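Just dropping this structure here.
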Amino acid sequence: MQKNLKMSLLVTGTVAFDAIETPFGKTDKIIGGAATYISLAASYFTQSVNLIGVVGDDFPADYIDFLNKKGINTKGLQVKEGEKSFFWSGRYFNDMNSRETLITELNVLANFDPIVPEEYAEPDFLMLGNLAPIVQSTLINRLSKKPKLIVMDTMNFWMDIALEDLKETIKLVNVLTINDEEARQLSGEYSLRKAAKVIQLMGPKYLIIKKGEHGALLFHENEIFYAPAMLLEDVFDPTGAGDTFAGGFIGWLAKTGDISFENMKRAIIYGSAMASFCVEKFGTENILEIPESALIERVAQFKKLSHFEM
Ligand code: AMP
């Protein structure tokens, strides 16, 4: 795919170890983290992905080299000597659409100060992956130019322990992506339509509600767009699907430079296509090398899935 060369994309979020349990198997510590999935997914669309994050000295240098080979700039990835990387462990239930967090060890993340290298300071697009909301807002405030678009992802963990910070950060972003349960928790409304209204009043003009195997909804003013998820025969591990979706979404917007509602619909389809690859294997394995033809084919399948003539 012809990659964007002009628009720069800044990505932050966790770079982590995960231990995952699904009905199909279990992993030891494997590489994960929101920013890992986001950067990998976005790298298929845009040449300049600048990453800001933090890991401990337990994080494999080989993997950082691999990210660099994918065109991901890791100058902003701090490596803390003598400290441990963020660790998350989760278990999926039989339906694979819901999960429980077993362990969250913040480790290096507890004192993360997001330092912005000079060459990163004027991004066209900013993707705030899952992180402490105070770190996300600190990063916004450290940029020397306001990005064309700021997209933020978060999760229930931060709603439980840092709700006020989260509400302050949400005010600063253009697009918020969360899952359906989180939208209900944040808004206090069960109906997703009502929840979307409440959340849009908190600041973001665009809201994406992810519904796992049931696809994703995009809300903007009174408009709603719904994209199904790919109907796959086998789903092995949904971890990172939301982040991979976000990476594909912002990657497409950065590639095209177009932030209209119409183009966001396309971005949602590219995000959904990327996420569909992610869930077919454990961790990041299936998004390390996606052939261009496979991506094009999957986007075509999405088009067919819900296209009809009136
Ligand atoms: P997703 O399945 O898209 O929600 O993202 C899963 C990824 O998020 C995993 O790779 C975890 O390392 C990371 N993660 C889990 N909990 C947190 C948290 N509280 N803050 C930031 N990242 C997290």
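The values are calculated or read from the model by the stated rules, or taken from the named source; none is laboratory data. These figures come from a predicted structure and were not determined experimentally. Note: ideal-geometry Cβ built from the backbone for every residue, glycine included; neighbour counts use all protein chains shown. The area values use the complete protein model at the heavy-atom level, side chains included, leaving out ligands, DNA and RNA. Shrake-Rupley method; radii C 1.70, N 1.55, O 1.52, S 1.80 Å.
Which condition breaks for residue 222 when tested against (1) closer than 23 Å to residue 7 by Cα; (2) surrounded by fewer than 17 Cβ atoms within 10 Å (Cβ to Cβ)?
(1)
Next question. I'm trying to understand the selection: among the residues of region 20-41, which are in contact (Cβ under 8 Å) with a residue 24 or more places away in the chain and more than 17 Å from residue 63 (Cα to Cα)?
To start, the set of residues in region 20-41 that are in contact (Cβ under 8 Å) with a residue 24 or more places away in the chain comprises 20-25, 27, 29-41.
20, 21, 22, 23, 24, 25, 27 - these are the residues of region 20-41 that are in contact (Cβ under 8 Å) with a residue 24 or more places away in the chain and more than 17 Å from residue 63 (Cα to Cα).
Select from region 82-93 the residues that are part of a loop (DSSP other than H, G, I, E, B) and touching a Phe, Trp or Tyr at 6+ places or on another chain (Cβ under 9 Å) and write down the one among them that is nearest to the ligand (Cβ to nearest atom). Please lay out each step first, then the result.
Here is the first cut: in region 82-93, the ones part of a loop (DSSP other than H, G, I, E, B) are 82-85, 93.
From the residues that got through so far, the ones that are touching a Phe, Trp or Tyr at 6+ places or on another chain (Cβ under 9 Å) too are 84-85.
On the way: 84: 13, 85: 9 Å.
Within region 82-93, the match that is nearest to the ligand (Cβ to nearest atom) is 85.
It is to be established whether one or more residues within region 136-151 are of a type outside the set (Asp, Glu), within 15 Å of the ligand (Cβ to nearest atom) and assigned to a loop (DSSP other than H, G, I, E, B).
No: region 136-151 contains no residue that is of a type outside the set (Asp, Glu), within 15 Å of the ligand (Cβ to nearest atom) and assigned to a loop (DSSP other than H, G, I, E, B).
Another one. Going residue by residue through region 69-86, is there one that turns out to be more than 22 Å from residue 251 (Cα to Cα), out of contact with any helix residue (DSSP H, G or I) (no Cβ under 9 Å at 6 or more places or on another chain) and not polar (S, T, N, Q)?
Of all residues in region 69-86, those more than 22 Å from residue 251 (Cα to Cα) come to 78-86.
Filter once more, keeping what is out of contact with any helix residue (DSSP H, G or I) (no Cβ under 9 Å at 6 or more places or on another chain): 81-82.
Filter once more, keeping what is not polar (S, T, N, Q): 81-82.
Yes, that holds for at least one residue.
Right, here's the next one. Looking at 101, 74, 138 in this structure, which one is open to solvent by 50 Å² or more (accessible area, probe 1.4 Å) and among the hydroxyl-bearing types (Ser, Thr, Tyr)?
101
So in region 163-180, with the set limited to residues that are assigned to a loop (DSSP other than H, G, I, E, B) and open to solvent by 20 Å² or more (accessible area, probe 1.4 Å), which one is nearest to residue 239 (Cα to Cα)? Full working, then the answer.
Going residue by residue through region 163-180, those that are assigned to a loop (DSSP other than H, G, I, E, B) are 171-174.
From what's left, open to solvent by 20 Å² or more (accessible area, probe 1.4 Å): 171-172, 174.
On the way: 171: 27, 172: 27, 174: 25 Å.
Taking the candidates together, the pick is 174.
I need the full set of residues from region 3-13 which are touching a residue at least 60 places away in the same chain (Cβ under 8 Å) and either open to solvent by 10 Å² or more (accessible area, probe 1.4 Å) or assigned to a strand (DSSP E or B) (or both), in order please.
Narrowing region 3-13 to residues touching a residue at least 60 places away in the same chain (Cβ under 8 Å): 3-4, 6-13.
3, 4, 6, 7, 8, 9, 10, 11, 12 - these are the residues of region 3-13 that are touching a residue at least 60 places away in the same chain (Cβ under 8 Å) and either open to solvent by 10 Å² or more (accessible area, probe 1.4 Å) or assigned to a strand (DSSP E or B) (or both).
Which one is nearest to residue 119 (Cα to Cα) among residues in region 80-90 that are open to solvent by 30 Å² or more (accessible area, probe 1.4 Å) and in contact with a strand residue (DSSP E or B) (Cβ under 6 Å, 6 or more places away or on another chain)? Talk me through it step by step, then tell me what you get.
So the first thing to find is which residues in region 80-90 are open to solvent by 30 Å² or more (accessible area, probe 1.4 Å), and the list is 80-84.
Now drop any that are not in contact with a strand residue (DSSP E or B) (Cβ under 6 Å, 6 or more places away or on another chain), which leaves 80, 83-84.
On the way: 80: 21, 83: 27, 84: 27 Å.
Filtering region 80-90 for residues that are open to solvent by 30 Å² or more (accessible area, probe 1.4 Å) and in contact with a strand residue (DSSP E or B) (Cβ under 6 Å, 6 or more places away or on another chain), the one nearest to residue 119 (Cα to Cα) comes out as 80.
Which one is nearest to the ligand (Cβ to nearest atom) among residues in region 223-258 that are assigned to a strand (DSSP E or B) and in contact with a strand residue (DSSP E or B) (Cβ under 8 Å, 6 or more places away or on another chain)? Quick ask: steps written out before the conclusion?
If we filter region 223-258 for residues that are assigned to a strand (DSSP E or B), which is where we start, we get 223-227.
So of that shortlist, the ones also in contact with a strand residue (DSSP E or B) (Cβ under 8 Å, 6 or more places away or on another chain) come out as 224-227.
On the way: 224: 22, 225: 21, 226: 20, 227: 17 Å.
Restricting to residues being assigned to a strand (DSSP E or B) and in contact with a strand residue (DSSP E or B) (Cβ under 8 Å, 6 or more places away or on another chain), the top hit is 227.
Another question, if that's okay. Specify which of the listed residues (79, 54, 15) is under 22 Å from residue 131 (Cα atoms), within 14 Å of the ligand (Cβ to nearest atom), over 16 Å from the mean Cα position of the chain (by Cα) and at pLDDT 95 or above. So that I can check it myself, show each step before the final result.
On the way: 79 fails: within 14 Å of the ligand (Cβ to nearest atom); 15 fails: over 16 Å from the mean Cα position of the chain (by Cα).
After applying the criteria, what remains is 54.
Out of the residues in region 96-135 that are of a type in the set (Ser, Thr, Tyr) and within 12 Å of the ligand (Cβ to nearest atom), which is farthest from residue 19 (Cα to Cα)? Show your work before the answer.
Our first condition is that a residue be of a type in the set (Ser, Thr, Tyr); within region 96-135, this holds for 98, 101, 104, 120.
Pick out the ones that are also within 12 Å of the ligand (Cβ to nearest atom) and you get 98, 101, 104.
Values: 98: 16, 101: 10, 104: 10 Å.
Here the residue is 98.
Additional query: If a residue must be open to solvent by 10 Å² or more (accessible area, probe 1.4 Å), hydrophobic (A, V, I, L, M, F, W, C) and within 13 Å of the ligand (Cβ to nearest atom), how many such residues does region 18-36 contain?
Of the residues in region 18-36, 3 are open to solvent by 10 Å² or more (accessible area, probe 1.4 Å), hydrophobic (A, V, I, L, M, F, W, C) and within 13 Å of the ligand (Cβ to nearest atom).
Contact list please: Cβ distance under 6 Å, first residue in region 48-60 and open to solvent by 10 Å² or more (accessible area, probe 1.4 Å), second residue small (Gly, Ala, Ser) and assigned to a strand (DSSP E or B), pairs at least six apart or on different chains.
Close Cβ pairs satisfying both conditions: none exist.
I've got another one for you. Go over the candidates 259, 199 one by one and state the one that is open to solvent by less than 20 Å² (accessible area, probe 1.4 Å) and touching a residue at least 12 places away in the same chain (Cβ under 8 Å). First the steps, then the outcome.
Working: 259 fails: open to solvent by less than 20 Å² (accessible area, probe 1.4 Å).
Selected residue: 199, the only one of 259, 199 that is open to solvent by less than 20 Å² (accessible area, probe 1.4 Å) and touching a residue at least 12 places away in the same chain (Cβ under 8 Å).
Let me ask something else about it. Right, residue 159: assigned to a loop (DSSP other than H, G, I, E, B) and of a type outside the set (D, E, K, R) or not? Let's see the steps before the verdict.
Details: assigned to a loop (DSSP other than H, G, I, E, B): no; of a type outside the set (D, E, K, R): yes.
It is false that residue 159 is assigned to a loop (DSSP other than H, G, I, E, B) and of a type outside the set (D, E, K, R).
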